[in-house]
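Notes for the one structure printed next.
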Amino acid sequence: MRSQENQPHRVGDPARLPPTSRWRLSGYSITVKLVVMVGCLAAVGVVMALTITLASQVTTGIRAYVGGEGLYTKGQKEAIYHLERFARSGDGRDYQLFLDAIAIPLGDHDARVAMQRPVLDYAAAERGFLQGGNDAEDVPSLISTFRRFHAVSYFARAIELWTAADAVVAQLVDCGEQLHREMVPGPARPERVAEIMTRVALLDAEVTPIEREFSHILGAGARAIRGVVMAAIYLIGGSMLAGALWLSWRIGGGLRDGIADLRRAATRAAEGDLDQSVPVRSGDELGRLTVAFNQMIEQRRGVEAALRDSTDFLQKVMLSARDAIYALDLEGHFTLANPRTCEITGYALHEILGTHFNALYEPEQAARVAVPFYSVIREGATVTDFETPLCRKDGRVVLITFSVAPLIRNGEIVGAVGTADDVTERRRNESELKARGAELARLNRIYAVLSNTSDLIVRVASREELLQHACRIAVEHGRFQSALVCESDPAAGQRYIVAAAGVGAGYATMSRLVERACPLGHHARVLCNDLGDDPAFADVRAELADKRFRSMAVLPFRTDSDESIALVLFSEEPGFFNAEEVRLLEKLVGDLSLKLNALVKEIRLQFMVHFDPLTELANRHLFHDRLAQKLQVARQEASELVLIVLEIEQFDALAHSMGQSVADEVLVELTRRLRANLGGARNLALVTQKRFAVMMLRDERKDGQSEAAVAAWIERRLFSAFADPFAVEGRELRLAGRSGVSMFPTDAGDARELLRNAEAAMDQALAAGERVFFYAPAQNTGLAQRLLLATRLRRAVEREEFEVYYQPKIDLADGVISGVEALLRWRDPDQGYVRPGEFIPILEETGLILEVSRWLLHRVAADLNETLSLHGDPPRVAVNISPLHLQHRDFLADIREAVARGGRYGDRLDIEITESMVMQDIDANVEKLRQLREAGIGVAIDDFGTGYSSLAWLSRLPATAVKLDYQFVSRMLDDPQIMSLVSTIISLAHSLKLKVTAEGVEQAAQRDALRRLRCDEYQGFLFSAAVPVARLAELLAEHAPRKGVGQAAAK
């Protein structure tokens, strides 16, 4: 039995508390006790702070009164001083200074009166003190000190003195007013002034001792009040501090005793003595802690009893568990093992205890198992379901899975504990099920491919769609890594991938893979179930691994044609293609082969229905459908369309005389040439045995919409096919063609009528002997004239009917000829001179401009060498270049040839181009012009300002000069904006170091304006029209430049 004094007490029961603890706070919590203790200390601080604050306010007020007294006295003295000056000078400013000074004591007087009223007039007192010169921060202290201490003896005496001083100040004010009344009307009576000032001196003598006593009284009062306050501080603070210290000692003593009891009891419990109890000394937190400690001791006795029961239970579980249960120390030795552990390992219990776990594994597996073990021991990790082979004592290897966790005591890892199970049989069964499931899954995928391919065969109507969708289905439903269809051409030694889907390794790599497995000419099935180990694929092994290609099958199609085509499949699974899968894939390829053969036959039938078998051009029926579609689009877009029917002249005679085979060869060759000229056969058809039909679309008629433009297009695109002879059976045949033209919508509204009208025009062309005949008679007249002009121009080229005229360029600085421009003229033998605007466009349309341009360059070179050099150094000659000539591949060669023909003066040649010419192919044209500049040939931009003029564009060109268009020159005197534009162009050109030539100058005023704008040179009728070379030689002799000028201009 426990002694009575060791029995636990009820918390909060005062009857059970020890006698020493029965005082008023013993039943309260520690928090309340601490709050009381802290509150007492805080109260001491608050009282002390209030007392000090009061003392500070009193001191501040007394100090303020002392300072105010000084201001009071100073103001009174200064007032007397300024009043005396006023008596001597009579100056009103001295009187004003008197009033300003006397206002200070008067303000203090007003403040005192306001504070002595029964009800304090705070505002009036504040205004008075501020008028008396006191600081605004001191005013509250002044007022509060007066109200609190006005009855104290010292302060009462000071107020009496203050009142007496105010009476003297009032008399002083009265004296000032009397003196002012005496002095202002003037003249002042000396005796009266003396009388007033005598009174002032008496008042000064009267107030001075009052002020001194006032100051003395304030000092004595301040010292007395300070002594009283400090005594109160010491008395109150000391009393309260002593009480707080006593209270703290009482509270701390109770806590100290209770904590000592708990410390002794805890030490005994740690030594194993659980048969004890701690007395409860109070009802606070320490008392409740003591009760909780007693309860914990009681619970600990119960836990130890339960632990003994649990140990017995765990021992029974380990003996009967179906899984192995074991424990390891920090080194990895077995410290605990149940019978199931012995059964799995084959070792007896005494053999396995103390054995390291490495003894149960092969060296490689032991190292692998050590990783999770040390992660548990060192990092405190938990490992679950780790699967590994284990070597039994009898040498048999079993597959186990184990889990292991850290064994922790007192917060430290002291070993590991875990479970294990033999899963050898389970994994064997799972592997067999998985293999069978994978095989079924593969077969299901192949069946899915067959099913979707059957639907595809019913739907598709084209060979490309069939093959592409077959590859897609193989990838999506068969889950092949990649699927492709290869077509081989053994004659050309090429293999082409015509369809593909899935992961691609690149067509080149795919082709190499297929080539390794199935060389060209090999048509048998090929299977490779392990690409990684096959030496044939060694050079692409890295790409195979990257794309995860492990198996491949090449399955040839069975087609009725000579083509060799095969389906190639890639799988990421090695050994994918077994006998059953290959059988299903063979069925798939067979179905695709049947569909492919049907499509080939259908395509051939469709081709025979819509195309001419000899030329492979669309026949009349297909062309009619295409023409109708084009007309529908043209009708919706409100655009035009031109239909041309082209017939081979004497084609029937050719077939009769030389045989149909020769006629067929001619027809095939002409078709080839027309295809090349037209860029394809989409708009070309063979509508009869000897007639072609051509649709001329709007975007192809870049030269405009006139009949002449159409005729020029026909010459370039259709008749040029007859330019070279036809080589047939060792002979050369020269043939010609004629064409009929009809236009939509002017000539017809539908395809049938448009084609009929074009054929009618074709018949009229044959009857009239015309190369091109338009269906509309009214338009034929103009076309005939242009065709006649083109014929005459061809004759003019052959007969060299052209001439070169030269127009001088005049230097605006000194008026000499600085250069000339070569201009082409044509004198027709029948009609005389023809305007350049009439014949040059025809030269462009017919392509004759190339021959004429070369002739012009040669003629200019000859004139330089033969005529223009007779009078010294010839001027530089500028030649206009045609757009066609600039684009021609021989342009640079033609220029170089002209320079060579010019001999020693060939470098005096310049060329002129327009802005729009360069923009057609700016990079190529800039390169050509750069080469000309390197050869010393100048480049001038003609008609500058009318095209793409911009600083960025111009800065790219290797130009030496710009020519200001005559449109600007003719209007600049009448239009200020044009004048400003001309000035800007000249400045822009000069900033790029380019010479500026003005064209079309006909008036002296225009020349003078250009000179003021710093233009370099001009040309026009003002000086001379274009003249023959002989007249130019005379002008050069008359206006020859001074020595050195010609050379400088050339540079």
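Of the residues in region 348-386, how many are acidic (Asp, Glu) and either surrounded by 11 or more Cβ atoms within 10 Å (Cβ to Cβ) or in a loop (DSSP other than H, G, I, E, B) (or both)?
Of the residues in region 348-386, 2 are acidic (Asp, Glu) and either surrounded by 11 or more Cβ atoms within 10 Å (Cβ to Cβ) or in a loop (DSSP other than H, G, I, E, B) (or both).
Per-residue answers, yes or no, for (1) surrounded by 13 or more Cβ atoms within 10 Å (Cβ to Cβ); (2) more than 25 Å from Ala768 (Cβ to Cβ):
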site: Val633; (1), (2): no, yes
site: Leu654; (1), (2): yes, no
site: Glu669; (1), (2): yes, yes
site: Ala681; (1), (2): yes, yes
Inspect all residues belonging to region 416-425 and state whether any of them is under 25 Å from Thr311 (Cα atoms), of a type outside the set (Asp, Glu) and without any contact (Cβ under 8 Å) to a residue 60 or more places away in the chain. no
Scanning for something in contact with a strand residue (DSSP E or B) (Cβ under 6 Å, 6 or more places away or on another chain), at pLDDT below 90 and in a strand (DSSP E or B), does region 422-442 turn up at least one residue? yes
Being at pLDDT 90 or above and assigned by TED's automatic domain parsing to the domain that holds Gln807 is true for just one of Ala893, Ala924, Ala935. Which residue is that? Ala893
In region 872-890, which residue that is at pLDDT 85 or above and not in a strand (DSSP E or B) is nearest to the chain's Cα centre (by Cα)? Leu886
From the list Leu314, Leu286, which residue is out of contact with any His (no Cβ under 6 Å at 6 or more places or on another chain), surrounded by 17 or more Cβ atoms within 10 Å (Cβ to Cβ) and part of a helix (DSSP H, G or I)? Leu286
Only one residue in Ala111, Ala170, Ala158 is farther than 17 Å from Gly221 by Cβ, surrounded by 18 or more Cβ atoms within 10 Å (Cβ to Cβ) and not β-branched (Val, Ile, Thr). Which one? Ala111
Quickly run through region 791-815 and pick out the residues that are crowded, with 20+ Cβ neighbours inside 10 Å and over 22 Å from Val879 (Cβ atoms). Leu812
Are there any pairs, at least 6 apart or on different chains, whose C-beta atoms fall under 6 Å, with the first in region 214-230 and within 18 Å of His150 (Cβ to Cβ) and modelled with pLDDT of 75 or more and the second buried (at least 17 other Cβ atoms within 10 Å of the Cβ) and of a type in the set (Phe, Trp, Tyr), and if so, which? Ile217/Tyr154; Leu218/Tyr65; Ala220/Tyr154
Are any of the residues in region 462-485 of a type in the set (Asp, Glu), at pLDDT below 75 and outside any strand (DSSP E or B)? no
Which number in (1) within 30 Å of Ala265 (Cα to Cα); (2) β-branched (Val, Ile, Thr); (3) part of a strand (DSSP E or B) marks the one condition that Ile325 misses? (1)
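Evaluate the following for Val926: is it over 55 Å from the mean Cα position of the chain (by Cα), in a helix (DSSP H, G or I) and under 27 Å from Leu964 (Cβ atoms)?
No, not satisfied.
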Picking from Glu838, Glu897, the residue that is among the charged types (D, E, K, R), touching a Leu at 6+ places or on another chain (Cβ under 9 Å) and under 22 Å from Arg716 (Cβ atoms) would be Glu838
Mind checking which pairs have a first residue in region 880-896 that is touching a residue at least 24 places away in the same chain (Cβ under 8 Å) and more than 22 Å from Gly936 (Cβ to Cβ) and a second that is in a loop (DSSP other than H, G, I, E, B) and not small (Gly, Ala, Ser), Cβ under 8 Å, 6 or more apart or different chains? Pro883/Gln920; Gln887/Gln920; Gln887/Asp921
Just checking, how many residues over region 973-999 are under 21 Å from Gly938 (Cα atoms) and either surrounded by fewer than 19 Cβ atoms within 10 Å (Cβ to Cβ) or of a type outside the set (Asp, Glu) (or both)? 14
Assuming Ser739 fulfils every condition listed in (1) under 22 Å from Leu788 (Cα atoms); (2) at pLDDT 90 or above; (3) surrounded by fewer than 19 Cβ atoms within 10 Å (Cβ to Cβ) apart from one, which condition is it? (3)
For region 531-574, give me each residue that is at pLDDT 75 or above and either farther than 22 Å from Ala470 by Cβ or of a type in the set (D, E, K, R) (or both). Arg558, Glu572, Glu573, Pro574
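Hey, any hits in region 668-676 for a residue that's among the acidic types (Asp, Glu), at pLDDT 90 or above and in the same structural domain as Glu616 (by TED's automatic domain parsing)?
Among the residues of region 668-676, at least one is among the acidic types (Asp, Glu), at pLDDT 90 or above and in the same structural domain as Glu616 (by TED's automatic domain parsing), which makes the answer yes.
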List every residue pair whose Cβ atoms lie under 6 Å apart, where the two residues are 6 or more positions apart in sequence or sit on different chains, the first residue falls within region 95-113 and is more than 15 Å from Lys74 (Cβ to Cβ) and assigned by TED's automatic domain parsing to the domain that holds Tyr65, and the second residue, located anywhere, is crowded, with 19+ Cβ neighbours inside 10 Å and among the aliphatic types (A, V, I, L, M). Ala111/Ala125
Could you list, in sequence order, the residues of region 304-327 that are within 23 Å of Asp394 (Cβ to Cβ) and either of a type in the set (A, V, I, L, M) or touching a Lys or Arg at 6+ places or on another chain (Cβ under 9 Å) (or both)? Ala321, Arg322, Asp323, Ala324, Ile325
Any residue that is assigned to a strand (DSSP E or B), within 25 Å of Arg378 (Cα to Cα) and of a type in the set (D, E, K, R) - is there at least one of those in region 330-343? no
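Taking Ala231 as the residue in question, decide whether it is more than 30 Å from Phe155 (Cα to Cα), in a helix (DSSP H, G or I) and out of contact with any Ser or Thr (no Cβ under 9 Å at 6 or more places or on another chain).
Criteria not met by Ala231.
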Given the condition under 20 Å from Ala813 (Cβ atoms) and assigned by TED's automatic domain parsing to the domain that holds Arg908, answer yes or no: does some residue in region 948-958 qualify? no
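The values are calculated or read from the model by the stated rules, or taken from the named source; none is laboratory data. These figures come from a predicted structure and were not determined experimentally. In this analysis, Cβ positions are derived from the backbone assuming ideal geometry, glycine residues included, and neighbour counts consider all displayed protein chains.
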